[in-house]
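Report on one structure; see the data block that follows.
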């Protein structure tokens, strides 16, 4: 009598939907940076078309960062209050419509107000992304996820710089802004339909992936209905946290230093190095392309050091300090070179190393943000964009005062101050928890 043999069952694999969630964030990040950075390479064209002074365009460029800066914390609160699915969809649709409105501007006043509104609506992207990564990614994969997010910022910046320079001729500056609005609107509709705030709510996630995503620490509180308890924030705890202060301060200086590459580097190549608009746009895109790879390498390196040594100080602080210092060395060589292409290449290599520091900052925020993560990230990003706003708003004033030598000297000093902040930053303390609750890392 034959026996019935049960067929062998293959183990069920995780659905890995978190990778698709990350991919959706990477796409909207690239779109976001294409839209916000389109103004840089079009700056001189818009100046001529609207009869603007260069100081007026400085104010227009800086307007984005002022509203973007001071709405970081309100946007983070809204993201936690509404849930990132609804918040990010609304933000993306709003900033895309505002990008379209940039192409309809007729003078200084309306273009300034449009850029203010663009910054206000784009302020919510990274608080939303941080809340999503904290729930959809385990701690051991957050460094690389942060690095990929940072690299897509640079990818969008490079694409915005390069594509705008090439598209100004056939489409005009107004047509460029209209074209850039369309992908963001399409993404917003799709994301609201497809995404869910928590893996448990998504029908495509299986039990195996849920087990992988079980958080190692309490996830940040989000609410999705008026009856749910609202997240509370102890402002006294946050405002007296030395690690948070230093985390925000290093971001202030690093973000300000970043802005040369995606705002006024094309102008530098035009004015100081004698390049055409198209040539300047191409050369200014090189550093951002190198930075895309640099951010990924930095994220992998930081996670590798953390796994090998168990030390956040080495993995986050050490990698960040080394990368900024090496980047400065290449910048100094680029300044001394007379060959424009070679100088752009050395700038690009320097930015490659500098970008190692970006995932260190974001990963450390995820590491030590604790139950205040959304607001902590909002405060850090607010500080960074305050630095960006100040730098972008004063660049041409510095040039008018003392030439590009003064402007570049101030820019290099920002790197030194960022290094000092990283040297004194204690990465072992979870913000909002007593010292006795510090992690062993």
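The values are calculated or read from the model by the stated rules, or taken from the named source; none is laboratory data. Just so it is clear, the model here is predicted, and its values are computed rather than measured. Quick reminder, even Gly has a Cβ in these numbers, built from the backbone with ideal geometry, and neighbours come from all protein chains shown.
Restricting attention to the range 60-84, the residues that are modelled with pLDDT of 85 or more, in a helix (DSSP H, G or I) and crowded, with 18+ Cβ neighbours inside 10 Å add up to 10. I'd like the full set of residues that are surrounded by 24 or more Cβ atoms within 10 Å (Cβ to Cβ) and within 14 Å of residue 320 (Cβ to Cβ), limited to the range 350-360. Correct list: 354, 355, 356, 357, 358, 359, 360.
Is it the case that some residue within the range 243-263 is at pLDDT below 90 and outside any helix (DSSP H, G or I)? For the range 243-263, residues at pLDDT below 90 and outside any helix (DSSP H, G or I): absent.
Might you check whether a residue that is under 19 Å from the mean Cα position of the chain (by Cα), touching a residue at least 40 places away in the same chain (Cβ under 8 Å) and in a helix (DSSP H, G or I) occurs anywhere in the range 341-348? Yes - at least one qualifying residue is present in the range 341-348. The single condition from (1) under 22 Å from the mean Cα position of the chain (by Cα); (2) modelled with pLDDT of 90 or more that residue 377 fails is (2).
Restricting attention to the range 35-44, the residues being at pLDDT below 85 and either assigned to a helix (DSSP H, G or I) or over 22 Å from the mean Cα position of the chain (by Cα) (or both) number 3.
Quick one: is residue 105 under 18 Å from the mean Cα position of the chain (by Cα), at pLDDT 85 or above and either buried (at least 21 other Cβ atoms within 10 Å of the Cβ) or over 25 Å from residue 163 (Cα atoms) (or both)?
Numbers: under 18 Å from the mean Cα position of the chain (by Cα): no; at pLDDT 85 or above: yes; either buried (at least 21 other Cβ atoms within 10 Å of the Cβ) or over 25 Å from residue 163 (Cα atoms) (or both): yes.
Here the answer is no, as residue 105 does not meet what is asked.
Would you confirm, using the coordinates I've provided, whether residue 238 is surrounded by fewer than 24 Cβ atoms within 10 Å (Cβ to Cβ), part of a helix (DSSP H, G or I) and at pLDDT below 85? So residue 238 passes the test. Of everything in the range 270-295 that is surrounded by fewer than 20 Cβ atoms within 10 Å (Cβ to Cβ) and under 16 Å from the mean Cα position of the chain (by Cα), the residue that is farthest from residue 361 (Cα to Cα) is 289.
Within the set 100, 88, the sole residue that is in contact (Cβ under 8 Å) with a residue 40 or more places away in the chain and surrounded by fewer than 24 Cβ atoms within 10 Å (Cβ to Cβ) turns out to be 100. Scanning the range 378-428 for residues that are part of a loop (DSSP other than H, G, I, E, B) and crowded, with 19+ Cβ neighbours inside 10 Å yields a count of 2.
Whenever a residue of the range 394-421 is farther than 21 Å from residue 347 by Cα, its partners that are assigned to a helix (DSSP H, G or I), lying with C-beta atoms within less than 6 angstrom and at least six residues away or across chains, give the pairs 421/246; 421/249; 421/250.
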